[in-house]
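Rule-based calculations on the coordinates, nothing more; no lab input. Everything numeric in this text was worked out from a predicted model, so none of it was measured. Cβ atoms come from the backbone with ideal geometry, glycine included; neighbour counts cover every protein chain shown.
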Amino acid sequence: MKDIRTKLIRLFKEGYCTPQISRIAKAINEPSTTIHYNIKKLEEEGAIVTYKAIFDYAKIEEGFCAYVLVNVSPSEYEHDWSKYETQIAKELAKHKEVESLDIITGEWDMLLKIRTKDQNDFYDFLEKVINQVAIQKSITLVSLRQVKSDFILR
């Protein structure tokens, strides 16, 4: 049989997952039609943005996780700081290694969560992406073990 695991993983990360309506109905003792109606309503309201799979990242060769705090170079922006910062954030967020990116308050401008196969791939990502953007300084925090992710205790 054909191995399409990598294709499936990519699609699941993009939100190609669906709720298991019959399983939900059984868990909360409600009819499937009621579950379906309420889920559709939540989707239409924008309360549910997407569905996604939760992975054991080591098993899909993305076991290295690091958080990168970033300050954008002040010499690079003009009068509209928030527009410039958002533009840089959107460019960084396009990379598949960036699992999440937040614009934050305080001493740092952004917090990136990066996932790669190993530290070598992480280094390559830094060389390819972070060093090419108008970054004044950054600091990396490596995750040694993830205890809880997406509301799932491990």
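Among the residues making up the range 7-43, those that are over 27 Å from the mean Cα position of the chain (by Cα) and among the hydrophobic types (A, V, I, L, M, F, W, C) are 25, 27, 28, 35. Count of the range 1-49 residues, restricted to those that are assigned to a loop (DSSP other than H, G, I, E, B) and hydroxyl-bearing (Ser, Thr, Tyr), is 1.
Restricting the range 50-71 to residues that are out of contact with any helix residue (DSSP H, G or I) (no Cβ under 6 Å at 6 or more places or on another chain), among the hydrophobic types (A, V, I, L, M, F, W, C) and outside any strand (DSSP E or B) leaves a set whose member that is nearest to residue 119 (Cα to Cα) is 58.
Residues in the range 121-145 that are under 17 Å from residue 63 (Cα atoms), hydrophobic (A, V, I, L, M, F, W, C) and either in contact with a helix residue (DSSP H, G or I) (Cβ under 7 Å, 6 or more places away or on another chain) or surrounded by 13 or more Cβ atoms within 10 Å (Cβ to Cβ) (or both): 122, 125, 126. For beta carbons closer than 6 Å, sequence separation of 6+ or different chains, a first residue in the range 47-59 that is in contact (Cβ under 8 Å) with a residue 40 or more places away in the chain and within 19 Å of residue 14 (Cβ to Cβ) and a second that is among the hydrophobic types (A, V, I, L, M, F, W, C) and outside any loop (DSSP other than H, G, I, E, B), the qualifying pairs are 53/12; 54/152.
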